[in-house]
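Chemist: Following this message is one structure expressed as structure tokens.
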Amino acid sequence: MRIGIVCPYSLTVPGGVQMQVLGLARALGRSGHPTRVLGPCDGPPPDPNVTPLGNSLPTIANGSIAPVAPDASCQLRAVRAMRDESFDVIHLHEPLAPGPTMTALLLRPAPLLGTFHAAGGSLAYDLLPRATRFLAGRLDYRVAVSPDARDMAQNALGGTYDLLYNAVEMAPYRAAEPAGVDAPTVLFIGRHEPRKGLSVLLEAFKRLPSSFRLQIAGSGSETDALRAESAGDPRIEWLGTVSEGEKIARLKGADVFCAPSLRGESFGIVLIEAMAAGTAVVASDLPGYRNAARPGRDALLVAPGDPEQLADALRRVLSDPEESARLVAEGHRRAESFSMLKLAEEYLQRYERIAVSRLPSQEL
């Protein structure tokens, strides 16, 4: 089976959807199914099986900045690629994001499966209900990555949705060497924007002992302001944007991974990534994060936006080796259940189902 996967977000910009797309394509390829990824790229394609569709345009969405490509040149490249590749099935991630996924919906060159990732509301669903329902109706199969994502899509678009959680490629975590640290270390990885809660973590860290360290990876709209506010604290190291390999090494080297998000998290794959790296997790108690972590068992979850609770949880893990070891052991078992190879098998079953149930309704 020849599979196409279309991503609306720039594949060279770090992001949860992008990592799922690339990881799933690699797993499908290892299973013997030729898989091609189509999506915008702001630089060299990250994998050999990626067809770049042009540069992205940063766009505000769901309290974040989404690197989408709605321009005509990107759509023409997408049309050409779908025509040339003659896919047996096309998998659209975030089908209603502006750009090549919408183009695939309009043209429908092969059976289409759509995976819905977002939770927390969509302006397009609110302002264009008839248009979005029409486009969603062109999908042959619908999947959501979490109950929150399913509920949002179902309420706005109707239809039925299979629930398939996001997954992690385990092999790179097993093979990577940890980055060296010389003190108990907390790691944050994510965009520096209000909903990710980095300001709450920085406030919490003020309450922790001088022997603890904080590493901050990523960048965003709040970077300069937050760096200026914390400039006097020598315990904090700003790493900037890190590669996938460095991300894994930093996760393996840290004692705690902290995800202090305030809202808008559909699943929380980064928690599973930390567990796969053998790192204890402290995170906000959000519905999306509960899909990944069982409170008190795989991770410590605290009230969003409460720096005092967050500081207490971090102190507890960093100061209690037995508690840390327990969280690491439980987390590793949890991560194994979210293997990307298992997810690829689930998607293959659905691809085969729609590929035999409908011939392409329109040639490009």
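The values are calculated or read from the model by the stated rules, or taken from the named source; none is laboratory data. Bear in mind that the values here come from a model prediction, so they are computed numbers and not experimental data. Note that each Cβ is placed from the backbone with ideal geometry, even for glycine, and that neighbours are counted across all protein chains shown. Accessible surface areas use protein heavy atoms only, side chains included; no ligands, DNA or RNA. Shrake-Rupley method; radii C 1.70, N 1.55, O 1.52, S 1.80 Å.
Chemist: Run through every distinct alpha carbon pair of segment 77-172 and return the Kirkwood hydrodynamic radius in angstroms, one decimal place.
Modeler: Hydrodynamic radius (Kirkwood, Cα only) of segment 77-172 equals 14.0 Å.
Chemist: Now a separate question. Summing -39500 (n - 2.57) over the DSSP H runs of n ≥ 4 in the chain and dividing by its residue number, what mean residue ellipticity at 222 nm do you reach, to the nearest 500 deg cm²/dmol?
Modeler: Working: 15 runs with 152 residues, N = 364.
Theoretical 222 nm ellipticity from helices: -12500 deg cm²/dmol.
Chemist: Calculate how many DSSP beta bridges within the chain are antiparallel, expressed in % of all such bridges and rounded to the nearest 5.
Modeler: Just about 15 percent of them are antiparallel.
Chemist: Next up: Within 12 Å, Cβ to Cβ, of residue 19, how many net charges do the neighbouring residues add up to if Lys/Arg are +1 and Asp/Glu are -1?
Modeler: My count for the surroundings of residue 19 gives -2.
Chemist: Quick one: Debye curve from the C-alpha atoms of segment 157-234, no solvent, what's log10 I(q)/I(0) at q = 0.12, 0.14, 0.24, 0.27 Å⁻¹?
Modeler: Values returned for q = 0.12, 0.14, 0.24, 0.27 Å⁻¹ are -0.54, -0.67, -1.18, -1.31.
Chemist: Ranked from the most accessible area to the least, with a 1.4 Å probe and all protein chains present, what is the order of 337, 230?
Modeler: 337, 230
Chemist: As a test of reading the structure, rank 36, 195, 30 by solvent-accessible area (1.4 Å probe, protein chains only), most first.
Modeler: 30, 36, 195
Chemist: May I ask you to rank 333, 77, 263 by accessible area, largest first, using a 1.4 Å probe over the protein chains only?
Modeler: Descending accessible area places them as 333, 263, 77.
Chemist: If you don't mind, another one. Among 282, 302, 181, whose mean-square fluctuation peaks in a Gaussian network model of the chain (Cα, cutoff 10 Å)?
Modeler: 181
Chemist: Any chance you could list P(r) for the chain, counting all Cα-Cα pairs in 10 angstrom bins from zero, rounded to whole %?
Modeler: 5, 25, 33, 23, 11, 3, 0
Chemist: Further question on the same structure: What does DSSP give for segment 1-102 in terms of the percent of beta bridges that are antiparallel, rounded to the nearest 5?
Modeler: Details: 6 of 17 bridges.
If I count the DSSP bridges inside segment 1-102, around 35 percent turn out antiparallel.
Chemist: Suppose all protein chains stay in the model; what accessible area per residue would a 1.4 Å probe give for the chain, in Å²?
Modeler: So the chain comes to 41 Å² accessible per residue, rounded to a whole number.
Chemist: Further question on the same structure: D for segment 179-326, whole µm²/s, Stokes-Einstein with Kirkwood Rh over alpha-carbon pairs at 20 °C and 1.002 mPa s: what number?
Modeler: Numbers: Rh = 14.9 Å.
Translational D for this selection: 143 µm²/s.
Chemist: Given the Cα-Cα distance of residue 312 and residue 76 and 0.36 nm per residue of separation, how much length would full extension add, in nm?
Modeler: So the extension gain works out to 79.6 nm.
Chemist: Classify segment 261-364: rounded, prolate or oblate, from the alpha-carbon gyration tensor (a ≥ b ≥ c, eigenvalue square roots; a/c under 1.5 rounded; otherwise prolate if a/b is larger than b/c)?
Modeler: On the way: a/c = 4.48, a/b = 2.21, b/c = 2.03.
Verdict is prolate for segment 261-364.
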